[in-house]
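The values are calculated or read from the model by the stated rules, or taken from the named source; none is laboratory data. This one's a predicted model, so the numbers in the text were calculated from it and none came from an experiment. We place every Cβ from the backbone using ideal geometry, glycine too, and count neighbours over all the protein chains shown. Surface accessibility is based on the protein's heavy atoms, side chains included, excluding ligands, DNA and RNA. Shrake-Rupley method; radii C 1.70, N 1.55, O 1.52, S 1.80 Å.
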Amino acid sequence: MASEKVIPSDVVESGHAPLDSGHARLRELGYKQELKRDLSVISNFAFSFSIISVLTGVTTLYNTGLKYGGPVSLVYGWFIASAFTMIVALPMAEICSSYPTSGGLYYWSAKLAGPRWAPFASWITGWFNIVGQWAVTTSVDFSLAQLIQVIILLSTGGKNGGGYEASKYVVIALHGGILLVHGIINSLPISLLSFLGQMAAIWNVLGVFVLTIVIPSVATERASAKFVFTYFNTDNGEGISSRPYIFLLGLLMSQYTLTGFDASAHMTEETKDADRNGPKGIISAVGISIFVGWFYILGITFAVTDILSLLSEDNDAGGYAIAEVFYQAFKKRYGNGSGGIVCLVIVGVAIFFCGMSSVTSNSRMAYAFSRDGAMPLSSLWHQVNKQEVPIYAVWLSVSVSFCMALTSLGSIVAFQAMVSIATIGLYIAYAFPIFFRVTLARKHFVPGPFNLGRYGVIVGWVAVLWVLTISILFSLPVSYPITAEKLNYTPVAVACLLIFVVSYWIISGRRWFKGPITNI
């Protein structure tokens, strides 16, 4: 009689396949599997890569790069921001390998800060992370609404041809519609989201190569290599003449673009062999984005010949620099700018995918944070439906992001302060667990399959110092003389978030929040 193979009861979950290494590690950390583990390393990478989305970040903030330094800031600033972003990503990948949970950053902080500091470390990291993610979704989907506005403007004749200029109410309505579609998509099974995530990654890569080749080829006037690699624009119209200061302000475009790669960590509970594939997703998303982004910046900048006209609000695109580049390239060559509008649609689809993946990441963070009781109505947000999707967390993320965008109706300055948290707030959340890794956990940190070995502490300290540097840098004034209309409200927004988080902790959280709670 053939012997029957017996699978131990602790390696099988109801409705799930036998444990892989990441699943086993999740159980060791005290969590049962509640989300379907269907994602491959490619799918995990795709979510982070599509959130980074160089077509989104570079396109929407290209004006900033042109204004503050021009080609030199764009080309060389990208390398500087990229190098330090990778230095931040490496220790994050190392920690992810050790703790592959959807909680990501806030769970890491709790484990690394030690029993005494775990609740507060987890609390402050988690709130900065989730608010930063909501701000990312807000900024991405609002930028898509603005791009749609520009596409409509150019399609109806442009600003100088009597084109339709949408009001701020139309833009916010577009923003709401985009969020609604993203909420519906994210309510579908993870297998479909995985497919769309991979499509997003392919679209971003192909889109960059198409635009980088087509735009300079179509343009009747092209910049010289000397202009692209050596020209430094000091004519910013903001009263700033110091070249080092201008260059540093120009880094914002690059740093904003290279944000959101923590999505790979938040998707680990749905990724096969997450202790290996989660870190791979983080590193590969950042690395490929660096290469693809620089290629895109170079291609577009070779089509730039008159910076002042591109930044002027009186041009056909209303001052949207890349839209004006695309539109004029085709208009001067063929007599109309229809081809340029098609190119903008390519960018728009990439931004749409970026927002979709951002909602996915948001919802997984909200699911994990509420699973540990850190959010109001936590019992609601961590529920999953029959498709094993945290459905209420999805719609919470959509709703909060829409409310954040409503500030644009009162003041675009207030809105910009709100979304500035997308860069500074999120990077601060990245820095917390790395800081605890190189200080309180320096001697007892147990690395996973992916680790930096003896270089882990050194790389970690450099990462923390870089986040501190950009937090100060992007809080500096961007215009002189300083007025209420042109004040950089970034430090105000971040300070308000800090005050809210700490006050909430002192008044209420410290009495009941004990850090991550196991569910086994």
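Taking a ≥ b ≥ c as the square roots of the eigenvalues of the alpha-carbon gyration tensor, segment 418-520 is classed oblate because a/c is 1.5 or more while a/b is no larger than b/c.
Per-residue extension of 0.36 nm, minus the Cα-Cα distance of Phe229 and Tyr245, leaves a gain of 3.9 nm for this segment.
Each label point was placed 7 Å from the Cα along the Cα-to-Cβ direction; for Lys386 and Phe291 their separation is 4.4 nm. Sketch the reach of a paramagnetic label on Lys168 as a point 7 Å from Cα along Cα-to-Cβ, and name the residues of segment 305-339 whose backbone nitrogen lies under 17 Å away. Answer for segment 305-339: none. Label reach from Ser411 (point 7 Å along Cα→C-beta): in segment 202-245, no amide nitrogen lies under 15 Å. Rounded to 0.05, the FRET efficiency of the Thr439 and Asp306 pair, given R0 = 45 Å and the Cβ-Cβ distance, is 0.35. Computed about the Cα centre, the dipole magnitude for the chain is approximately 920 debye when only Lys and Arg (+1) and Asp and Glu (-1) carry charge, each at its Cβ. Exposed loop sites, defined as chymotrypsin sites (Phe, Trp or Tyr not before Pro) outside DSSP H, G, I, E and B with at most 16 other Cβ atoms within 10 Å, are absent from the longest region of the chain, namely 233-520.
Using DSSP to define loop residues, name the trypsin sites (Lys or Arg not before Pro) in segment 400-477 whose beta-carbon has at most 10 other beta-carbon atoms within 10 Å.
Filter output for segment 400-477: Lys443.
Segment 42-107 and segment 213-289 have Cα centres lying 7 Å from one another. Using the Cβ-Cβ distance between Ser379 and Ile42 with R0 set to 51 Å, the FRET efficiency works out to roughly 0.90. Between Leu180 and Ala495, the C-beta separation translates, for a Förster distance of 35 Å, into a calculated FRET efficiency of about 0.60.
Solvent-accessible surface of the chain, taken per residue with a 1.4 Å probe and all protein chains present: 38 Å². One chain, two ends: Ile202 and Leu188. Fully extended at 0.36 nm per residue, the span grows by 3.0 nm beyond their Cα-Cα distance.
Taking the 1.4 Å solvent-accessible surface of segment 193-315 as the whole, the part contributed by carbon and sulfur is 65%. For segment 26-176, carbon and sulfur atoms together expose 62% of the accessible surface, with a 1.4 angstrom probe and every protein chain in place.
One chain, two ends: Val342 and Glu238. Fully extended at 0.36 nm per residue, the span grows by 34.1 nm beyond their Cα-Cα distance.
Between Asp314 and Lys332, the modelled label-to-label distance comes to 1.9 nm, taking each label 7 Å out from Cα in the direction of the beta carbon.
Among the DSSP helices (H) of the chain, those spanning at least 18 angstrom by Cα along their long axis with an average Kyte-Doolittle hydropathy of 0.0 or more are 54-67, 71-98, 105-155, 168-185, 190-218, 243-257, 274-301, 338-371, 391-405, 424-438, 456-473, 490-504; this is a geometric and hydropathy rule only.
Along the Cα-to-Cβ line of Ile506, 7 Å from the Cα, sits a label point; which residues in segment 104-141 have backbone N less than 20 Å from it? Within reach of a label on Ile506, which here means backbone N under 20 Å from a point 7 Å along Cα→Cβ, segment 104-141 contributes 117-128. Under 5 Å from the amide H of Asn233 lie the amide H atoms of Gly69, Gly70, Val72, Ser73, each residue being 5 or more positions distant or on a separate chain, with H modelled from the backbone and absent for Pro and chain starts.
Please tell me which of these pairs span more than 26 angstrom C-alpha to C-alpha: Lys226/Lys486; Lys272/Lys514; Lys226/Lys332? Distance filter (> 26 Å) returns Lys226/Lys486; Lys272/Lys514.
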